[in-house]
1. Could you state the accessible area per residue of segment 385-427 in Å², with a 1.4 Å probe and every protein chain left in place?
2. As a test of the formula, what do you get for the chain when each DSSP H run with n ≥ 4 contributes -39,500 (n - 2.57) and the sum is divided by the residue count, at 222 nm and rounded to the nearest 500 deg cm²/dmol?
3. At a 1.4 Å probe, what is the % contribution of carbon and sulfur to the accessible area of segment 312-398?
4. Hey, any idea what Rg/Rh is for segment 257-370, computing Rh the Kirkwood way over Cα pairs?
5. Whose amide H sits under 5 Å from the amide H of C413, counting only residues 5 or more places off or on another chain, with H placed in the peptide plane?
6. So if I take the alpha carbon set of segment 194-315, get Rg, then get Rh from the Kirkwood formula, what is the Rg over Rh ratio?
7. Keeping the other protein chains in place, figure out the carbon and sulfur percent of the accessible area of segment 204-274, with a 1.4 Å probe.
8. For helix 284-296, what angle does its Cα long axis make with the longest principal axis of the chain, in degrees from 0 to 90 and rounded to 10?
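The values are calculated or read from the model by the stated rules, or taken from the named source; none is laboratory data. Note that the structure is a prediction, hence the values are computed from the model and not measured. For accessibility, only protein heavy atoms count, side chains too; no ligands or nucleic acids. Shrake-Rupley method; radii C 1.70, N 1.55, O 1.52, S 1.80 Å.
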Amino acid sequence: MRLDSHNVWSDLREQLERASILDTRYPMYGASSWQAHGTELCLLVVNHFLDEFRAAGYREIGLPSVVPRDLLRRQAQSIKDFDSRLYFSRSDQVVASTIEAQICPVFAGWLDAGEEPPLRVMTVRSVARHETSSLRPLWKERVVWPFFEAQTAYVGDGADEIDFLVTAPLRICAEIGLPVMAVERLRLDQGATQYADRRLELVVLMPNGQITILTSVYDLGVRFSELLGVKYRGAPVRMLNFAFSARLILAVLAHSLRPDRRMYHPRLAPTQVAVVPERKGLADADLEPVLATLRDRGMRASTVADGRGVTDRLARARDLGAPVALRLSPNGTGSVVRPGVDGGEPFGNPREAADIAALYLKGVEEDWTQDATRLLSEALASGVVAKLPVCEATRCRADLVERARPNDIAGICYGELHDEQPCEGCGVPTTGRALRGVKYQGDK
């Protein structure tokens, strides 16, 4: 199996700083100072989700950065207590940690004013909740990273609402080259105090063969609307929550900064085409025709033209994750290359450079897709990740959990069709499958 066994965190801090993503030295536990290049990468990721959610009827809203503490106290009494993990701005205010308590009064007001469900909103903001597990650069970082959340209030069974919140992000993540799968978290504890009826997730295979969670969908039922008075025609509405945090960027970086491929997927690369002058001191007038042509063709192009030699400039383009670079001569000719790869295609004018760069970017996208498919295939073939036949019987699923290793992450595969096989627990033929793999360190 060719899964990359390198430790994602062994030198990631140095890589993140060298790639101008962030400065991890910010003196606050679980927070980092994002640099311009990293911020652009974040925005490109977030914008993919914003566009998809807008097309599905979600409205973008802004929410305050603080929440009255009494709202969370009411929640803690019957649902879940976050009190030990909160940051307080003053005795009666909490720095925003979750959306449910905040959005319920908003939804209640809209429904009282005559709006019809479903209500669909999304917000991108920083939230603040101290996570108890080990915090490394980007891991569960919420204080600075733009945390994406969507909330839905609806009537009926909500099957279509849930399906969108699983399948649309699945499509987005696949389109940016991540080897991703959809599962429903195995839940055996059905105690009275629970946060959600169901939890559906996208999980991604990291380059080292471990699995981590990318996105979560919580089916909240009516517990929040009953508690906080969100009603339609006198009855509490059902609610769904969707979210992803900086761990999605972690997955992007882990696949992008691999030793064997230091480049971003073209859809996410802050610099898709790095223009690298072959000679020191080329004037802006020499560079602008090529830059303008690339940008007119819709490519994100920028210059890497500091005082070092062309070899160092190409290395810098690679550090920045640029999938394609142009070596530009003073006379406007040059070659199109992939940073870190020998050879290249010569061009004689800006139009030819743009044509070749566009073809190269398309080829890089295809390579990413093939690589993600290969990683998943190899992981399944080798048993690093397994899809085990399991029926819907609680005892069979309980048996699967009991037999799992301590660091396993497991869930029922969502939306996939399988041939019937004997259930691992009872032997009855079933089309159901449970995904099992080793979770990434620090994951829940």
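1. On the way: 2610 Å² over 43 residues.
Counting only protein heavy atoms, the per-residue value for segment 385-427 is 61 Å².
2. Numbers: 11 runs with 149 residues, N = 444.
Helix contribution divided over all residues of the chain: -10500 deg cm²/dmol.
3. Working: 1950 of 3920 Å².
That fraction is 50 percent.
4. Values: Rg = 12.8 Å, Rh = 13.7 Å.
Radius of gyration relative to Kirkwood radius: 0.93.
5. Those qualifying (amide H under 5 Å, at least 5 residues apart or on another chain) are E184, R433, A434, L435.
6. Details: Rg = 23.9 Å, Rh = 19.0 Å.
Looking at segment 194-315, the ratio lands at 1.26.
7. Values: 710 of 1570 Å².
C and S fraction of accessible area: 45 percent.
8. The helix 284-296 is inclined about 40 degrees to the chain.
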